[in-house]
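The structure appears right after this line, and notes come after that.
Read the figures in this text as sums done on the coordinates, not as results from a lab. Predicted model only: the values in this text are computed from it and were never measured. For neighbour counting, all protein chains shown are included, and Cβ atoms are generated from backbone atoms with ideal geometry for every residue, glycine included.
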Amino acid sequence: MTAVNTEVTALLGVYSRVGPLFVAGEGSELVAEDGTRYLDFVAGIAVNALGYNSPVIRDAVTRALDTGLIHVSNLYRTEPGEKLAAELTKSFGGQAFFCNSGAEANEGAFKFARKWSGKTDIVAFSGSFHGRLFASLAATDRPDYRRPFEPLLAGVRIIPLGDRAAARAAITERTAAVIIEPLQGEGGVRAVPDAFLAFLRDLCTERGTALIFDEVQCGLGRTGTLFAYEQSGVTPDMVTLAKPLAGGLPMGAILVSDAIAAVLGPGDHATTFGGGPLVATVALEVLRTIAEPEFLADVRAKGEAFGARLQALAKRSPHVREARGRGLMWGIELADGEIAAPIVAAARERHLLVLTAGPNVIRIVPPLNISRADLDRGATILEEVLS
């Protein structure tokens, strides 16, 4: 075994934490212990959709605490989880299962697909990121992440994104599930063409395979519609959700079609904490806020203006190859030989927080309710750093 040097702390050293110690937040800003404010284009990695100190979240937490019910387990019924499931499935249909994270949601979706189909294999795509548990990590296109923990789940194949011939060859009579992000996050903020999603829908239907859309990062308003799949016109068999669902509290969800829900019964899956009354109360208010047509229209309008500014930057900067994204999820791909990490550090020195999506892409996922003024301020800092 190789020893790994980490900062002296009681926290396990699986993160390389950077920057100051944050003690507070307000709107789209984080506040460090010395009082310095940082404009946050990370939002807890696309989690804090309503920013910091949101009255929507604060009031929901207070209301939930006033009931005295934080946790009762899934042995019993509580109203918040049932209401949340009804809201989430209004347009998708089917039923919902609640868990605690995106990786858990994807693991559960794989189990559901196997039970429904009677098959075992899973197909994922290059550039994918689906989590760090054993099945979700096996479906994640990061060999360096997978290697120390192999063997992972058997029967998982990762094929080139967009390659129809490879998909036809890989998706066989043994394939239980195909999983794909409509807009890849960790893989470089890459939108999957609608035509390829439609092709997968037809192929999965033909071969009795469950099509799973991983919307853990790109769902729940991030692209300007409640679900990212709505923009493609393609409806999957399952949608996995997490990050912004409970406004920063840990929560994931699997939306399951009626056909798959019909084969699942008591004992097929479980969670101790998933969908508890406190987190479900908060998630319901976050969902209702994001789902408002005016809110989503505002995300689209801000995203178009912000994206246009980033694309103009890409045209004039020799350091940038391309700016791409949807809604308020954008990636700046740097030119050949350029590395994103120093740009992220330089932006942080100017009190702007951004993150990477692979070695050469800067990822931008601010709160969805960020002001246009703050978007412009952040874009100006990025232009200065990249000049």
The condition of being under 30 Å from Glu383 (Cβ atoms), touching a residue at least 60 places away in the same chain (Cβ under 8 Å), among the β-branched types (Val, Ile, Thr) and surrounded by 17 or more Cβ atoms within 10 Å (Cβ to Cβ) holds, among Val286, Val256, Val299, only for Val299
Checked against (1) touching a Lys or Arg at 6+ places or on another chain (Cβ under 6 Å); (2) surrounded by fewer than 18 Cβ atoms within 10 Å (Cβ to Cβ); (3) not aromatic (Phe, Trp, Tyr), Ala46 satisfies every condition except (2)
When region 46-88 is checked residue by residue, the ones that are of a type in the set (Ser, Thr, Tyr) and touching a strand residue (DSSP E or B) at 6+ places or on another chain (Cβ under 6 Å) are Tyr52
Regarding Glu349, is this residue without any contact (Cβ under 8 Å) to a residue 24 or more places away in the chain, under 30 Å from Ile70 (Cβ atoms), surrounded by fewer than 18 Cβ atoms within 10 Å (Cβ to Cβ) and of a type outside the set (A, V, I, L, M, F, W, C)? no
Conditions (1) more than 26 Å from Trp330 (Cα to Cα); (2) without any contact (Cβ under 8 Å) to a residue 24 or more places away in the chain -> Ala195 fails only (1)
Just one listed residue, out of Phe97, Phe110, is at negative phi and outside any helix (DSSP H, G or I), and it is Phe97
The residue from Asp144, Asp163, Asp121, Asp59 that alone is among the charged types (D, E, K, R) and in contact with a Ser or Thr (Cβ under 7 Å, 6 or more places away or on another chain) is Asp121
Those residues of region 257-300 that are among the aliphatic types (A, V, I, L, M) and in a loop (DSSP other than H, G, I, E, B) come to a total of 4
